[in-house]
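Everything on this sheet refers to the single structure shown next.
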Amino acid sequence: MEIGFLFHILLDFSLAFVVACCWGILFGTPARILWIAGLLGGWAHAFRFVLLQFDVGLISATLIASLSVGVIGIFCSHKVYHPSVVFTMPACITMIPGLYAYRTMLGSIKLTDMSASQLSAELIPEIMHNMMLTLSLLFTLAIGISIAALLFRSKSVPETTRKNKRRRL
Amino acid sequence: MNTDVSIDAFTDLALDVATALIAAGAHSGRVHTNLKRLAQKWGFGIELNLTFNAALITVRDASGNTLTRYKNTPPHSVHLERLTEYSRMTWKVADGELSFDEAQQEARRIAQSPNYNDWLVAVAVGFSCACLCLLAGGSFLNGCIAFLAASLGSLVRVHIVKWKFNPMISFVVASFVTSLIAGMDTLFGIGSSPEATLATAVLYLVPGVPLVNSIIDLIEGYLTSAWNRALFAAFILLCIAVGMALSIALLGIDNF
């Protein structure tokens, strides 16, 4: 059971790694740092998977995972001299609630059919549930990506310390 | 402070940088900090009003003259590398490594820097959706069909955009083509969970960057831009849903 669980985590990590790398290509992340986007995306998805296994709710798990990506991203951005959003964006978008977003839309399209909406009383609660889930998950992802701006006060780096190029992000 | 930079030329440069950044998928806060950096170096005051498809900028020079200009953005296409390049350019300016003319040239070069090849993007999108399909519990065969559906859909979308159709039409058609192919395994019973293919193959169309940027703008207080992005993203989602609904009706699958 232990081995099976580890295997699942590894599988989740590798699949999400590929997903994040490929999103990076779609979003024009520089090829040199695609691997960072991949690692962060893999980490985020696998971490969320583990949290979900331990019965943390979907929204809290996504929040914790995307916050971890945001914080690790700050360190990475100083190592590779790129703004962190360049790789945290593809990494976090592996967890984008696309499924819930268009379930909301498909549900809304179903509403146009009167007989269907009368047949199924759960249609409106279902649409609302999917919509709220989409919005909450989006908020958690955005908080993760913009964590640097939220954590640190806006300040200009003094000219003398700026000579070190890694501080210029 | 250099006084040899004319307010006219500086405003044009600021507008070019701002609109290019918005089109490449930067949130408004990033545009703001980058432009502030440029303005401080050359001794201008700068006020911005950024929306999703335009920028309105007022520049004030040391002697109190102001200039207000407005510019629409080029067509939107997410390109995160440009965010890095513009950020580096503005830092170089702030540290005095670039003169005004060099900064102008650099801005022009970045605005024309190439993105990845369309075929590479199509393959990447295919792999991405195939992996998402596997993550959603699809079998290997389902993943293969998701790969095919997403790659072809992506190519179709790129070509429709190239033929200068309305971008929203491109989303409807791409989502139609993708879900038509992805619906094949539901139709012929291929793989263990065919519904996962249908659900994940269109995910490459989901406007993740505008959605996330919309929330970031909301957090940072750029309300106009946040609304614009949210509306844009929501409408794309609607277009995807319409394309899916069309192909589902055509295939006659009613249990999606």
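Within the stretch A:36-67, how many residues are among the hydroxyl-bearing types (S, T, Y) and closer than 19 Å to B:V209 by Cα? Step through it out loud before you land on a result.
Step one: filter the stretch A:36-67 for residues among the hydroxyl-bearing types (S, T, Y), giving A:60, A:62, A:66.
Going one step further and asking which of them are closer than 19 Å to B:V209 by Cα, we end up with A:62, A:66.
Adding up the residues that qualify gives 2.
So, B:V121, is that one at pLDDT 90 or above, of a type in the set (A, V, I, L, M, F, W, C) and either within 25 Å of B:L187 (Cβ to Cβ) or surrounded by fewer than 21 Cβ atoms within 10 Å (Cβ to Cβ) (or both) or not?
On the way: at pLDDT 90 or above: yes; of a type in the set (A, V, I, L, M, F, W, C): yes; either within 25 Å of B:L187 (Cβ to Cβ) or surrounded by fewer than 21 Cβ atoms within 10 Å (Cβ to Cβ) (or both): no.
For B:V121, the condition - at pLDDT 90 or above, of a type in the set (A, V, I, L, M, F, W, C) and either within 25 Å of B:L187 (Cβ to Cβ) or surrounded by fewer than 21 Cβ atoms within 10 Å (Cβ to Cβ) (or both) - is not met.
For the stretch A:1-20, a residue qualifies if it is touching a residue at least 40 places away in the same chain (Cβ under 8 Å) and either crowded, with 23+ Cβ neighbours inside 10 Å or among the small types (G, A, S) (or both), and the qualifying residues are A:A16, A:V19, A:A20.
Sort out which residues of the stretch A:58-83 are farther than 17 Å from A:T140 by Cβ and touching a helix residue (DSSP H, G or I) at 6+ places or on another chain (Cβ under 7 Å), and write them in order of number.
Of the residues in the stretch A:58-83, the ones farther than 17 Å from A:T140 by Cβ are A:74-83.
A:I74, A:C76, A:H78, A:V80, A:Y81, A:H82, A:P83, listed by residue number.
What helices (runs of 4 or more DSSP H) completely inside the stretch B:1-102 contain at least 1 residues that are of a type in the set (F, W, Y)?
Values: elements: B:7-23, B:28-41, B:80-94.
Fully inside the stretch B:1-102 and qualifying: B:7-23, B:80-94.
Among the residues of the stretch B:1-38, count how many are more than 18 Å from B:L83 (Cα to Cα) and hydrophobic (A, V, I, L, M, F, W, C).
Residues flagged as more than 18 Å from B:L83 (Cα to Cα) and hydrophobic (A, V, I, L, M, F, W, C) within the stretch B:1-38 amount to 5.
Taken over the stretch B:70-102, the residue count meeting the criterion of being touching a residue at least 24 places away in the same chain (Cβ under 8 Å), more than 24 Å from the chain's Cα centre (by Cα) and surrounded by 14 or more Cβ atoms within 10 Å (Cβ to Cβ) is 3. Checked against the criterion of being within 14 Å of chain A (Cβ to nearest Cβ) and of a type in the set (G, A, S), the candidates B:A122, B:A103 yield just one match: B:A122. Of the set (1) over 17 Å from B:G208 (Cα atoms); (2) in contact (Cβ under 8 Å) with a residue 12 or more places away in the chain; (3) part of a helix (DSSP H, G or I), all apply to A:P83 but (3).
In the stretch A:1-59, the qualifying residues are those that are more than 8 Å from chain B (Cβ to nearest Cβ) and polar (S, T, N, Q), and the one that is farthest from B:A26 (Cα to Cα) is A:Q53.
The values are calculated or read from the model by the stated rules, or taken from the named source; none is laboratory data. Given the structure is predicted, the values throughout are model-derived calculations rather than measurements. With ideal geometry, Cβ positions are generated from the backbone for all residues, glycine too; neighbour counts draw on all protein chains shown.
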